[in-house]
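The structure under discussion appears below in the form of structure tokens.
We did not get these values from a lab; they are worked out from the coordinates using the rules stated. Predicted, not measured: the structure shown is a model, and the values here were computed from it. We place every Cβ from the backbone using ideal geometry, glycine too, and count neighbours over all the protein chains shown.
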Amino acid sequence: MRHLGRSLPRLEAGPLVAGRGWYVGSIEMADQLSMRVVRSPFPHARITSIDVSEALAVPGVVAAWSWADLGDVAPIGFRRDVGDALAPFRQPVLASDMVRYVGEPVAVVFAETAAIAEDAADLVDFRAELLDASIDPADSVFGGSVDRATAAVVEEGFGDVDSAFASADLVVELELEIGRHSAMPLEPRGLVAHWDGARDMLEVCGAARFPHIDRDMLAAQIGRPASRIALIEGHVGGGFGVRGEIGPEDVLVCLAALRFGRPVAWIEDRTEHMIAAAHARGQRHIARIAAQDDGRLVALDVTFMLDQGAYLRPDGLQTAQLTAAMLPGPYRLDAFRAVGDVRLTHKTPAGTYRAGGRYESTFVRERLVDAVADKLGLDPVEVRQRNFLTPDEMPADREVSIAGSPVIYDSGDYTRLLQRTADTIGLARLRKRIATRRAKGERVGLGMSFFVDRAGGGSGDGARITVDDTGTVEVITGAADVGQGVETAVAQIVADILAIPYTDVRVVHGRTDAIGFGQGAHGSRATVMTGTAAQQAAEKVREKALSAAAAMIGVSVDRLMLEDGEVRSIEHAGAPGLPLGAVARALRPDLAPVLDVPHSADTAGLSAEAWVSLDSPTFPYGMHVAVVSVDEATGAVTVERYMVAADVGNPVNPRLIEGQLGGGAAQGIGGALSEEFLFSATGEPLAANLTDYVLPTADRIPDIEFLITDDAPSPLTPLGIKGAGELGTNGAGAAIAAAIDHAIGIPGAVTRLPVTPSRLRAILRGIG
């Protein structure tokens with residue numbers, strides 16, 4: 001049975017639907033302590049005193065720390081080497097002299113129970129001298145030990161931009177803004193750390209998108225060899241970029257476990273998550289595009305400002321770099337320039353969030369393309385088709401880079417995807433129906449967006465496959481599971497090569513003590529990288545099994561095949577064969593010499609491993625189509641119909657991809673219509689609960705329609721696969737904005753996301 005390309009049930013689902021999920025909140029070790037964080041109520045202040053004495057007097061409290069109790073603990077580092085210039089913008093584990101946002105950790109309390117820790121934390125006497133807060137990134141004056149508001153400037157481009165604009169027939173300029181968003185996973189952040197004194201091993205349990213990278217970062221923070229730390233990933237109740245990277249709380253939990261010799265647990269509540277977990281988006285753009293009268297795009301010029309908040313997160317400048325580099329999208333341009341100013345403000349630090357940098361750049365670029373179509377009186381579909389890069393131009397070097405990695409589109413047939421999307425959704429008929437409704441006075445509109453995403457790439461991903469005496473196959477990887485179904489995808493890949501049911505494959509991930517290296521799960525890379533490594537390791541196991549079986553049976557290898565978990569003769573199809581378990585037993589180091597089976601000390605047993613790297617990431621692409629209706633009286637927007645089309649190369653499991661696309665679309669629609677972290681003029685968060693931060697409910701998201709194509713398999717991966725995890729989010733803001741413009745009959749009306757009812761009413765009144 002072939003597994004690749006089939007929508008098979010998730011292997012991960014069994015324990016979850018049966019209530020056997022292993023989440024950090026369910027870990028209860030003997031003698032476990034609870035940690036509670038004391039957070040700054042001020043956006044910007046000079047600390048004058050922190051008194052923990054009353055907290056320490058509470059029965060059941062074991063310890064309470066301020067910065068003075070930590071010792072020599074460095075600020076939170078970065079996941080990759082970014083040089084010394086960004087060092088001043090790292091976040092301290094506990095604030096020492098200044099606080100720079102509401103929610104910044106200033107002290108911690110450790111107690112026998114979570115309730116005691118919470119009560120005692122309320123007794124910590126934190127005093128500070130209030131200072132002016134910089135909230136608007138355009139006017140930011142950061143002050144303190146950091147004497148400038150700009151953390152860094154990101155620049156990308158090619159060609160002579162000024163000349164291209166000077167010779168163009170049409171120039172369109174827009175000011176565009178995307179508000180602050182953040183993921184709201186069902187499970188907030190948390191961690192449990194336990195020091196095993198007998199092994200001198202610090203075991204850390206919880207979500208970890210980057211298990212090995214996080215381990216190395218923790219080792220550097222607490223001054224401990226990485227070999228003496230084991231990160232163990234449990235089930236994840238949602239990640240989306242906001243969970244699984246190192247924060248101050250993670251370092252504190254680990255330090256406490258080592259100092260106390262007892263397990264220490266920390267789980268934030270929802271309010272903590274909303275004010276302290278990383279925000280995202282928060283960009284302003286001044287963008288202009290040059291075009292000729294026939295609709296040909298000539299040049300793109302964008303200056304943007306990213307509201308970074310108080311500190312740089314471990315991802316460093318990644319969001320800004322992705323924004324700048326991915327602005328050209330699928331279009332051919334003579335010239336391009338992007339300049340991004342990463343600005344510090346007295347807000348919650350910003351980090352990565354699903355389709356980080358791409359959601360923003362797609363919104364900006366597609367708003368400009370829609371404006372060109374409107375100004376020239378052309379069909380938006382036609383304008384896009386005229387400017388697409390063609391398959392003959394692939395691989396396409398975009399002459400830009402992301403953190404030094406060149407952006408080279410590996411493959412793509414953008415016109416074909418647009419045409420297939422139009423055919424699938426019935427675009428011509430849909431437009432006629434919308435026109436009929438509009439003629440009757442309904443505020444209904446159609447919008448679309450097209451984008452290129454980035455997935456996979458890099459080095460250090462591997463897989464080790466072992467077949468035991470029973471024929472059970474175990475795959476050990478350096479991947480992490482953030483809900484994308486990596487166990488299922490990897491099992492399907494391995495099962496096809498070894499000719500066994502995918503349910504007979506056990507995939508181990510998220511354990512740094514099981515495999516030496518790994519890059520985890522981020523940037524839609526797990527299936528691309530880990531899947532490729534697993535494929536190569538499985539092929540080695542297959543070759544080894546056939547070679548050993550040939551020696552055992554006394555036939556040539558080319559007369560054998562794998563089928564239904566057995567080595568069988570090609571000439572005698574259906575005849576009983578030699579089970580893989582028997583071959584594995586014969587290859588055991590203690591038995592192989594006795595059985596006279598060829599073996600190697602380097603590859604003992606029926607096992608193999610493979611490690612992969614890609615010089616360039618893969619570049620999947622997609623299109624979103626939205627139909628919305630607008631209630632003019634209330635400003636409410638109803639998404640009536642929504643389609644996500646995506647080319648992911650060869651899909652491993654379409655059902656998994658649909659799950660990723662649908663969840664991503666819901667997040668993207670939420671960011672387009674309702675989700676935003678707002679702050680008062682003095683820096684207090686105005687969205688610290690789910691009443692004020694408005695997530696889209698199930699009744700506000702239509703049944704998402706999907707079109708998954710495989711017109712452009714990646715030439716970089718043996719299976720032709722690309723990533724898919726962020727394609728559902730990428731184009732949502734742009735498509736929703738275009739649909740609202742069409743519904744209200746005001747081209748270019750939407751320049752800011754989210755389009756809340758109050759903002760839409762203001763637009764309709766002509767004052768927005």
### Exposed-loop-free span, longest in the chain, where trypsin sites (Lys or Arg not before Pro) count as exposed if DSSP calls them loop and at most 11 other C-beta atoms lie within 10 Å
441-764
### Task
Stick to Cα atoms and the Kirkwood definition of Rh, then tell me Rg/Rh for region 458-614.
1.00
### Task
Just need the relative contact order of the chain here, percent rounded to a whole number, with Cα pairs under 8 Å and 6+ apart.
16 percent
## Note on the structure
Taking the chain and counting helices only, DSSP H stretches of n ≥ 4 at -39,500 (n - 2.57) each over all residues, the nearest-500 ellipticity at 222 nm comes to -8000 deg cm²/dmol
### Task
Grab the Cα-Cα distance for S26 and E442, subtract it from 0.36 nm times how many residues apart they are, and report the gain in nm with one decimal.
144.7 nm
### Task
Quote the charge dipole size of region 458-614 about the Cα centre in Debye, to the nearest 20; the model charges only the Cβ of Lys and Arg (+1) and of Asp and Glu (-1).
180 debye
#### Entry: Mean shadow area of region 90-234 over all directions, Cα convex hull, nm²
15.6 nm²
### Query
Distance in nm between label sites at I570 and S613, each 7 Å beyond Cα in the beta-carbon direction?
3.6 nm
### Summary
Counted neighbours (other Cβ, 10 Å), sorted fewest up, put T717, T618, T48 in the order T48, T717, T618
### Query
Where in the chain are the DSSP H helices whose C-alpha atoms run 30 Å or more along the long axis and whose mean Kyte hydropathy is at least 0.0?
531-553
### Message
Let me make sure I get this right: for the chain, a, b and c are the square roots of the gyration tensor eigenvalues over alpha carbons, sorted descending. Under 1.5 in a/c it's rounded, otherwise prolate if a/b > b/c, else oblate. Which is it?
### Response
oblate
#### Entry: 5 Å binning of all Cα-Cα separations within region 676-718, expressed as whole percents from 0 upward
5, 15, 12, 10, 9, 9, 9, 11, 11, 8, 2
### Query
Taking the Cα centre of the chain as origin and charging only Cβ (+1 Lys, Arg; -1 Asp, Glu), how large is the dipole, in debye to the nearest 20?
1400 debye
### Query
Which FRET efficiency value, to the nearest 0.05, do you get for A87 and L170 by plugging their Cβ-Cβ distance into 1/(1 + (r/R0)^6) with R0 = 51 Å?
0.70
## Note on the structure
Fewest-first ordering of M326, M643 by Cβ atoms within 10 Å yields M643, M326
